[in-house]
Structure formats: C-alpha cells, structure tokens
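Beneath this line is the structure, given in structure tokens, with notes to follow.
Computed from the coordinates by the stated procedures, all read-outs in this text should not be read as laboratory data. It should be emphasised that the depicted structure is a prediction, and the values quoted were computed from it without experimental measurement. Quick reminder, even Gly has a Cβ in these numbers, built from the backbone with ideal geometry, and neighbours come from all protein chains shown.
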C-alpha cells in the first residue's frame, strides 16, 4: 500500500513538473513555430533586420504582445488540426496605446517632441507633427473619403504606429509620406495643387508645373537628360519618339474602345509632347509600362510598319 502511494506521489510530481515545463515552453517563441505556418515569424524574431528582432534584443517575446485567451488558444488548435487557416496570416492591428506600454514615450505628443529634429535630405521634417497648409483643400481631397484621417490635421491625423512601423515585415516608414510628397519634397500641397474643387488624384498638371522644381526648364532639356536611357540594354529615350515613316495614322495606335481622333500620337513630336502626369503619377502607381501597350515585350527596335501594313 505504501509502495502504491509512493508511486502515485512520484507520478503526480512528474506530471506537475512536466506540466510546468510544458507551460513554460508554451510561452517561448520557439513554441509558436511548432506550427510550420509560424516559422517565418519566428525567424523574423530571431534574426535582423526587422523590428521583431529589435523586440527580441529587448527580451520581448511573442506573448508579451500577443496575449491570447484560453478560448482563442483552443480555437487556434482546432483550425491548426483542420488546416483551416489563412496563409500568410492576416496582419493584426495594434493600437498605439499598446506600443506606449513599453516604449519610452507615453503619448503621441511625446513622440512628436522626440522627433522634432528629424531631417530628410537636410530638411527638418518631423514625421509625427504635420502642420496644416492653410490653402489646402478639405481632408477628403487627400484621401478619397471624408471618413479617412487627414495626416496633416493633428487633431484627426494621429496615425497608429503600425501604419508605418511593421514588426514581421519591412516597414514602409517615411515612404508612406512619399505617396504624396514625391522625391521627398515636403512643400505645401497648394504649391502644386491649385484647384481646391478637384480631388488630388484627379488633378492634371501641365509640364510647366513640374519643371518649376525639377532640374529642367523645357521638353528639350528633359529629352537631353534621358538620352542615355536603356530598356533591356537597348537605347530608348522615353521623352523623344522618332516618327516611323511607315506608321499608320494616330488613331491606329489606340484600342477601339479608347478611340479618340484628337488624341496625341506620341511618335509625332509636334503633337506628342505628352504632359508629365499621364506616365508619372503622384499618389498612385505610375504606369511606366504605358509604352508597352504597343511595344509588347518591350521591343522598340521594330518600326510599327513591320507589323501594321495598312
């Protein structure tokens, strides 16, 4: 009887020790990677250069930020067994108050004070304190939606940390600003955007508007600047299109659904001095492959008349 009680007691102690050890291991980042889906996240924690590793160097583990409830852990176990999960996982959003728990600043105002001397290309630009341009249009003109915050309105525009600072992937940082402030120029919006009745994304700008700041004063100078431009090793000046003597009329370049007899033929220099904005967008992706609508496979050595006989 005593022997049975002793064995039972030893078994209980072993179970308790194993349970404690398992629970402690459960709290380690390595435990998360027992699911192969989590391996890239563990790798970003173990090795630079992402912010996850910066957290690891400060002894911040996964569960310090990701605090699942027992119910959530059970649900995660079920979807893992069923393999009913997204891959990669949906990115989580964290309120800035969560970041403030550990970082040396306790408010957005303190962050703005810490970055007061931040510079971009020698210009003092505080990324956390945006002044309002008195001549700028209403917030909806910046973003496309009146419910979206205007980042230049400090009362509405205190961005969440995770919009610029990512943990498990590359952080966009100030490139978020460059969607509007192209070439890292932090001029007042109204320097270029004169019409406060039209959304920024819909405004059109004549070449003279761009040449006020860029290092050319005329189309001819721009052509000279890009005379050595190459595509796949072939010398192609995107701003100077020679005329193909066998080329069809301008309307033949255009797809039927976009037919417009008044549209410029980019291969006729007198009619085809395109404005900057059709190819160079400011707050959306630039269609730098616009030439490839006709020059498929980026082939520029073949004249139009080789294929277009009539």
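Set the Förster distance to 51 Å, then compute FRET efficiency between residue 100 and residue 306 from the Cβ-Cβ distance, nearest 0.05.
The pair residue 100/residue 306 has a calculated efficiency of 0.20.
Hey, with R₀ at 45 Å, roughly what FRET efficiency would residue 230 and residue 47 work out to, going by the Cβ-Cβ distance, to 0.05?
0.75
Give me the extension gain from residue 281 to residue 17: residue separation times 0.36 nm, minus the current Cα-Cα distance, reported in nm with one decimal.
Net length gain for the segment: 88.8 nm.
Quick one: order 47, 190 by neighbouring beta-carbon count within 10 Å, fewest to most.
47, 190
Could you please rank 235, 63, placing first whichever residue has the fewest other Cβ atoms within 10 Å of its Cβ?
So the residues, fewest neighbours to most, are 235, 63.
Using a Förster radius of 35 Å, what is the FRET efficiency between residue 91 and residue 220 based on their Cβ-Cβ separation? Nearest 0.05, please.
Using R0 = 35 Å, I get an efficiency of 0.15.
With labels modelled as points extended 7 Å from the Cα through the Cβ direction, what inter-label distance (nm, one decimal) is found for residue 61 paired with residue 116?
Calculated label separation equals 4.0 nm.
Give me the extension gain from residue 297 to residue 174: residue separation times 0.36 nm, minus the current Cα-Cα distance, reported in nm with one decimal.
The span from residue 297 to residue 174 would gain 40.9 nm if fully extended.
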